[in-house]
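Reading through the structure tokens given below for one structure.
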Amino acid sequence: MTESAVSLARKTVPFLAPCRLSIVVVVVLTAAVSSVEALEPLLMKMLFDSLGQESVMRDFTMAAVGLVLLSVGNQAVGGFLNWLTWRVRINVQFNIQKALVGRLFSLPISFFRKRSVGALVLQMNRSIEGYMGGFSEVTTRILPNLLYLSISLVSMYVLNLHLFLLALAFAPLPTLIGIWAAKEQQEREQKLLTSWCSVFARFNEALSGISLVKCFGKESTEGQWFMNRVGETNRIVMRGVQRDTSIGSVTALITRLGRIAIALLGGYLVLQGKTTIGTVVAFMGYMGGLFGPVQGLTGTYQTFRRTSVFLRSMFEILDEPDPLQDRPDAKCIANMHGDVRFENVNFRYDEAQTIQNFTLDVKAGQTIALVGPSGAGKTTIACLLQRLYDPQQGVVTIDGVDLRCIRRDSLRSQIGCVLQENVLFNDTIRNNICYGRPDATQEEIEAAAKAANAHEFIMTLRKRYDTMVGEAGSLLSAGQRQRISIARALLKNAPILILDEATSAMDVECESQVQDAIDKLIRGRTTFVIAHRLHTIRNADKIVLIRNGKIERTGTHRELMLGSPYYASLVRKQMFGPSGKERLAA
Ligand SMILES: Nc1ncnc2c1ncn2[C@@H]1O[C@H](COP(=O)(O)OP(=O)(O)OP(=O)(O)O)[C@@H](O)[C@H]1O
Ligand SMILES: [Mg+2]
């Protein structure tokens, strides 16, 4: 048993605390049932020893009635115990799920960028399942086994010293074998968990990207890869089963040999007249009570070690530091004015510097366009404004307040955004549009959809606003998804708006209509527009040209056309094509 396994187990106390009374009842009742069960061999002894005695009828009847009452009582309490144990299990599991889910949703986006969703879900489910298995075993088996073991030992000692000493010679062997086996079992469990997580990580990715898999004709390759990995993991399981079965057989053999040895010595002692048949029968019963708990406790030890693997995996999520957590004194800011300032911001995801010395002053209501080559850092700037990441140096403020001093929920409630990758949930169009404002009326939802030029196509769908959009919106076209995302951002009606390539997937006609709606919408709001199609940002109050994470130049369209050869060349390329020759002429 490693220290860390114990300290991990201790960390689960808060999940158990709300059910402590029920847990105590389960532990006590299970122990009571087991103790009462320990009486059974004694009643058996009474029953057999009464045969041939004068008071046979009285003792026989008493023993028989005792046995019947014992069985009925045990069954009744056992039934109640089963119900209560399940209730405790479900409640403890709920507490863990609540903590894990709460933690997962509050963790920063950087946590998810490095992990696969499939692996994360599997890790979470397996950990909870594994822990619950271990928890049930520990609560329902340790105390009863200890009690039963003590009662058995005392009774055996009292019944016959020779038989007792012989039994003691066999008893520790299963434990020693079990302890020896536990280390490998723990390592195997870790290997299995890691292996299953990696298998399902890829499986989940392949299914999410099924269109790509099909485009490249990789269906059978992906399927084969998955089955190969499942096969490999199954081989680990089978090697484990083989090993556990061999160990189980050796342990069972030792137990049987112990019983045979006791039977032989008992028979010899009966023949010598040194003990009664009833005593030997009772002793044989207690032999079960000795080896059973010894094996049970060894099994619990093994389970405990295996459970530590699941606990470690669970606390890997629960203990994951959240550098973006709200400070205790974080403020709630309602009705932001919308002044934004980036002050000498430096940011990197990993090693390479992504944003360098970025300083930008934006007055409330202004429209700022962020332009620059792919990978320049435009989306990163938008992420910093939403505080999806904190800069390593510098500060981002809204209305003069450092974002780190504002409560996250309050900050994000004030920012509407259309993400570069349009995320829709497999829900109705209505629910997707009102995601940021679930209380919006149908009129408001329709108004937002009309402004985003989405209403018309929605009305052609059979179920209109009740149409399900499919997994990640896959039943809609990219342009339609984009319009739903714009409607969703419009409905939120936030004072700050981020539009990251919001119209990139639309045809020219649709784009110009949506652009009109956007132009109306951004009036009076601080808006950050990120666009590769430069004609959409001509009217911006300020265009910020970013290259390699640095501001190369700032100005209006006209100023940049005159002052930045790079910007002018970008505009020319978009108008006339890469060669500089007019496209239409070709
Ligand atoms: N989560 C991340 N982890 C590590 N690096 C990242 C991450 N996201 C982006 N980057 C890197 O940061 C740089 C800036 O990325 P960003 O998404 O801000 O560019 P962009 O200007 O929005 O590009 P595009 O126009 O193609 O959308 C890129 O080099 C990119 O590889
Ligand atoms: Mg981007």
(message) Looking only at residues that are within 20 Å of residue 567 (Cβ to Cβ) and hydroxyl-bearing (Ser, Thr, Tyr) in the range 326-379, which one is farthest from ligand 2 (Cβ to nearest atom)?
(response) 359
(request) Name the helices (runs of 4 or more DSSP H) wholly inside the range 439-531 in which the number of residues that are crowded, with 22+ Cβ neighbours inside 10 Å and not assigned by TED's automatic domain parsing to the domain that holds residue 556 is 3 or more. (result) 442-451, 478-492
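From the list 152, 127, 136, which one is out of contact with any Leu (no Cβ under 8 Å at 6 or more places or on another chain), hydroxyl-bearing (Ser, Thr, Tyr) and assigned to a helix (DSSP H, G or I)? Break it down into steps so the answer makes sense when it comes.
Working: 152 fails: out of contact with any Leu (no Cβ under 8 Å at 6 or more places or on another chain); 127 fails: out of contact with any Leu (no Cβ under 8 Å at 6 or more places or on another chain).
From the options 152, 127, 136, the qualifying one is 136.
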(message) So, in the range 88-108, exactly how many residues are in contact with a helix residue (DSSP H, G or I) (Cβ under 8 Å, 6 or more places away or on another chain) and open to solvent by 50 Å² or more (accessible area, probe 1.4 Å)?
(response) 4
(request) Kindly indicate which of 266, 217 is without any contact (Cβ under 8 Å) to a residue 40 or more places away in the chain and farther than 24 Å from residue 127 by Cβ. (result) 217
(request) Would you mind stating whether residue 498 is within 16 Å of ligand 2 (Cβ to nearest atom), farther than 28 Å from residue 207 by Cα and at pLDDT 90 or above? (result) yes
(message) The conditions are (1) more than 40 Å from the chain's Cα centre (by Cα); (2) within 16 Å of ligand 2 (Cβ to nearest atom); (3) not assigned by TED's automatic domain parsing to the domain that holds residue 557, and residue 534 fails exactly one of them. Which is it?
(response) (3)
(request) Would you check which residues across the range 386-413 are assigned to a helix (DSSP H, G or I) and open to solvent by 20 Å² or more (accessible area, probe 1.4 Å) and list them? (result) 404, 405, 408, 409, 412, 413
(request) Considering each of 132, 227 in turn, give the residue that is over 20 Å from residue 294 (Cβ atoms), of a type outside the set (D, E, K, R) and not assigned by TED's automatic domain parsing to the domain that holds residue 114. (result) 227
(request) Return yes or no: is residue 205 farther than 25 Å from residue 246 by Cβ, within 37 Å of the chain's Cα centre (by Cα) and open to solvent by 70 Å² or more (accessible area, probe 1.4 Å)? (result) yes
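Those residues that are among the β-branched types (Val, Ile, Thr), within 13 Å of ligand 1 (Cβ to nearest atom) and touching an Asp or Glu at 6+ places or on another chain (Cβ under 7 Å), I need them from the range 499-538; list them, please.
Kept after step one, since they are among the β-branched types (Val, Ile, Thr), are these residues of the range 499-538: 503, 508, 514, 518, 522, 526-527, 529-530, 536-537.
Next cut, within 13 Å of ligand 1 (Cβ to nearest atom) only: 529-530.
Selection gives 530 alone.
The values are calculated or read from the model by the stated rules, or taken from the named source; none is laboratory data. The structure presented is a predicted model; accordingly, all values stated were derived computationally and were not measured. Please note: Cβ atoms are built from the backbone with ideal geometry, for glycine as well, and neighbour counts cover all protein chains shown. Only protein heavy atoms, including side chains, enter the accessible area calculation; ligands, DNA and RNA are left aside. Shrake-Rupley method; radii C 1.70, N 1.55, O 1.52, S 1.80 Å.
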